[in-house]
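Reviewing the structure listed below.
Derivation of every value follows stated rules applied to the coordinates shown; laboratory data play no part. Every value quoted in this text rests on a predicted model; they were computed, and no experiment measured them. No Cβ is skipped: glycine too gets one built from the backbone with ideal geometry, and neighbour counts run over all protein chains shown.
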Amino acid sequence: MSDIVTHQQGLYKARKALLLGLIRLMVFITHELYAKAWRLVND
């Protein structure tokens, strides 16, 4: 029984880590695009 609980906690942690990674990636891409647009506007 405890194995199932541990497995579910592991899945939850993995999903949370994946979600955090995805958010970081989105923020990074948005920041890069914003920086490129800013350079184009201010040329």
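In table form, for the structure just shown:
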item	result
Filter pass, L40 being exposed (fewer than 10 other Cβ atoms within 10 Å of the Cβ) and in a helix (DSSP H, G or I)	yes
Residues being aliphatic (A, V, I, L, M), surrounded by fewer than 10 Cβ atoms within 10 Å (Cβ to Cβ) and assigned to a helix (DSSP H, G or I) - total across the stretch 1-34	2
